[in-house]
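The values are calculated or read from the model by the stated rules, or taken from the named source; none is laboratory data. Quick caveat, the model's predicted, so the values are computed rather than measured. No Cβ is skipped: glycine too gets one built from the backbone with ideal geometry, and neighbour counts run over all protein chains shown. Side chains are part of the model used for accessible areas, which takes the heavy atoms of the whole protein and leaves out ligands, DNA and RNA. Shrake-Rupley method; radii C 1.70, N 1.55, O 1.52, S 1.80 Å.
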Amino acid sequence: MEAADEKTPQPSDGTNSVETTGKMPGPAKRMPRIIRRKKKSSSADANDLPAHIRNNTQLHHIINTTLPKDYEFEIPKTLWRIEKANATAIALQLPEGLLMYASTIGDILIKFAYRFQPPTPQDGEGRKKDRPNEIKSLSILGDVTYGACCIDDLSARALGCDLLVHYGHSCLVPLTCTVIPCLYIFVEIRVDVQHLVDCVKLTFLEEENERQTINTREEKEGREDCAPTRIIEALVMGTVQFRSAVVESSQRLNGGDNESTSSSLEKIQFQAIVPQAKPLSPGEVLGCTAPSGLAEMNFEEALSRSRRRQARKGQGEAVDACEKAVNGDAVKERVMIFLADGRFHLEAAMISNPSLRALRYDPYSKTLTEERYEIVKMKKLRREAIISVRHILGISAPVQRVDMVGGMPNPSNHCADDIANSVLQRQSFPTEHQPSSDHCTPKRLLTVGIILGTLGRQGNPAILSRIRSLLHSRGIRSMIILLSEIFPQ
């Protein structure tokens, strides 16, 4: 018994032992719950097109003959969405570059929506389900559309529409936040990806040839060879229309297909990734949203993650092909490669990453150009505008010193709220013409106009309330001006 007691010692308080106290044990530890969902078959997928749309040869013939072949307007998907929603009043919203196709798209939707549906099943009472048989009205919104924040579901509802189809932009405004059901069509554009890749490689090839010429001249002068292997760390981005081309060009740059180029590319290696600024899709850039911190990111770790994702998707061969030996004296150069036909979205990426070199490929003119943005000049103009407004409002200049890091201001030890408050802060020190009271008001009554954008969902009421409260705290009246656009005249 003594040996048994030594092996199983009893607690002194008798609270944790069932054998000595006779109490029932506490509730058992709850096991984690595992939920296994059955995979839906392809035929049961809700996004699959029905046969009367998928196999409609007349529909596909009209699409191929009336709309550009390189533009994917997803007409069958739109028809299926209309029929699922039983929508009879449709609104189409397109940016100016695609507005020329609005009438054609509308005619196709009116002609084929509900026209080829199979007979509807009958309910228990023998009556057919109440379903529409045509589109009664189709509206094309004529207001300018600059971006994804311009989705105009409010105007569509005012027109009595029960479905809005928005073309050319991503889902920046969630579908759960719109007042009527909406459908986003990205309008993906097919481009010559191989020409883009060749342009990038030939650009760096010419630069390498120039460097080799300089090195050859230096060798003749008795200097050492200073041309190590160059590793081009490419950050491939673009607009949502070219998202497939962005991913494909990144994979081809990693593939190392240099058969069509010169042997000088042996000293150039390409490593490409597609950065992402959530909630946007990989590589997508908006005028207001772009990946930031790309110059300081760990490129090797991001490249490794990208290769693992490609391997999981069955692209292991392409991953293995881009595994190359890197010399210890290799020189790394990080560059942004942007696929777009304009500078608007690229400028957002350049402002967020001012220290990186930017190359823009225009898929229509098939040209690769180097783009620059005067970050310091832009910051200076904004600063002068803020100071002029402070002077009008009688607010002293801020004591805070703003350092410039890579052309960008670096307000250390200040959060966003502190910077916003400093714009309308009170004077820190009394002057001869102003009393030192904290509750002083301007000598003359000032009125400030605040413009709130009404184009789609651009206007932010929360920011408006914030600015009005800051003005009110200084005794400054405010007047709200609602405008869809601000014109120079």
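On average, how much accessible surface per residue is there in segment 50-166, in Å², for a 1.4 Å probe, leaving out ligands, DNA and RNA?
Heavy-atom accessible area per residue stands at 52 Å².
Local charge sum around SER139 (other residues, Cβ-Cβ under 12 Å, Lys/Arg +1, Asp/Glu -1)?
Computed value for this residue: -1.
Please give the peptides 100-109, 472-481 ranked by average Cβ packing (other Cβ atoms within 10 Å per residue), highest first, as a rough proxy for protection.
In decreasing order of mean packing, 100-109, 472-481 become 100-109, 472-481.
What's the ranking of 192-205, 288-301 by average number of surrounding C-beta atoms within 10 Å, highest first?
Descending packing order for the listed peptides: 192-205, 288-301.
Determine the alpha carbon to alpha carbon distance for each of LYS332/LYS379; LYS84/LYS136; LYS201/LYS267; LYS77/LYS111; LYS69/LYS366; LYS201/LYS366 and list only those over 20 Å.
In this structure, LYS332/LYS379 lie more than 20 Å apart at Cα.
How much net charge surrounds LEU175 when only other residues with a Cβ under 13 Å from its Cβ are counted (Lys, Arg +1; Asp, Glu -1)?
+1
Roughly how much of THR229 is accessible, in Å² to the nearest 10, using a 1.4 Å probe?
Approximately 10 Å² of THR229 is accessible to the 1.4 Å probe.
Distance between the C-alpha centers of segment 367-396 and segment 267-300? Whole Å please.
Computed from Cα coordinates, the inter-centre distance equals 26 Å.
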